[in-house]
Amino acid sequence: MDVTDVAPTLLRLVVGATMIAHGVNHWLGGGRIAGTARWFGGLGLRNGVLQAWASVFTEIGAGVLLILGLGTPLACAAVIAVMLVAGLLAHRANGFFVFHEGYEYVLVLAVVALALAFVGPGRLSIDHAAGITVTGWAGGGIALGVAVVSTTGLLALFWRPRPEQTA
């Protein structure tokens with residue numbers, strides 16, 4: 001084992017744990033599902049309860065898959081999609097910096113997930129143990145393609161922006 005195995009493992013563990021924490025917070029934190037649903041509704045997403053549960057399952061699911069190194073391009077796609085939606089709906093209008101509620105943080109998580117899809121999960125993963133090798137352009141392309149298609153679908157079906165959100 002060398003650094004090329006340690007680096008993707010560290011990325012998977014940290015991003016995976018971060019996604020699980022976000023999912024658990026949307027589920028059990030402060031306002032629980034009802035509060036998360038109201039927040040999503042305030043962002044212009046219809047059926048906030050459905051969106052809240054979808055967020056919980058997507059974030060926790062992607063986090064678990066990343067930690068295990070299983071289905072890595074698809075797990076990365078889920079992270080990228082969640083960050084795209086968050087960036088577009090909750091952070092874009094606030095500029096770049098996170099201390100102004102900007103998109104800095106979600107951009108970093110999305111790019112790290114995309115980079116991980118390109119380099120793969122490393123040898124310390126279920127993907128590697130099972131002989132599943134989808135890295136390079138294929139891994140990155142799958143992750144980005146699935147993320148963009150799913151984000152576009154979610155926004156087309158459920159987002160009804162308030163007038164100030166379209167400016």
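Being more than 16 Å from Ala147 (Cα to Cα) and among the small types (Gly, Ala, Ser), is that true of even one residue in the range 67-83? Spell out the reasoning first.
Going residue by residue through the range 67-83, those that are more than 16 Å from Ala147 (Cα to Cα) are 67-70.
Right, trim to among the small types (Gly, Ala, Ser) and you get 69.
For the range 67-83, residues more than 16 Å from Ala147 (Cα to Cα) and among the small types (Gly, Ala, Ser): present.
Given the options Leu84, Leu43, Leu11, name the one that is modelled with pLDDT under 95 and out of contact with any Asp or Glu (no Cβ under 7 Å at 6 or more places or on another chain). Please lay out each step first, then the result.
Working: Leu84 fails: modelled with pLDDT under 95; Leu11 fails: modelled with pLDDT under 95.
When all the criteria are applied, what remains is Leu43.
Can we say Leu89 is under 27 Å from Gly136 (Cα atoms), touching a residue at least 12 places away in the same chain (Cβ under 8 Å) and either of a type in the set (Phe, Trp, Tyr) or touching a Leu at 6+ places or on another chain (Cβ under 6 Å) (or both)? Reasoning before the result, please.
On the way: under 27 Å from Gly136 (Cα atoms): no; touching a residue at least 12 places away in the same chain (Cβ under 8 Å): yes; either of a type in the set (Phe, Trp, Tyr) or touching a Leu at 6+ places or on another chain (Cβ under 6 Å) (or both): yes.
No: the conditions fail for Leu89.
Give the residues of the range 119-167 that are in contact with a Lys or Arg (Cβ under 9 Å, 6 or more places away or on another chain) and among the hydroxyl-bearing types (Ser, Thr, Tyr), sorted by residue number. Please lay out each step first, then the result.
Our first condition is that a residue be in contact with a Lys or Arg (Cβ under 9 Å, 6 or more places away or on another chain); within the range 119-167, this holds for 121-122, 124-125, 129, 157-160.
Residue satisfying the conditions is Ser125 alone.
The values are calculated or read from the model by the stated rules, or taken from the named source; none is laboratory data. Because the structure is predicted, anything quoted here is derived from the model rather than measured. Note that we place each Cβ from the backbone using ideal geometry, even for glycine, and neighbour counts take in every protein chain shown.
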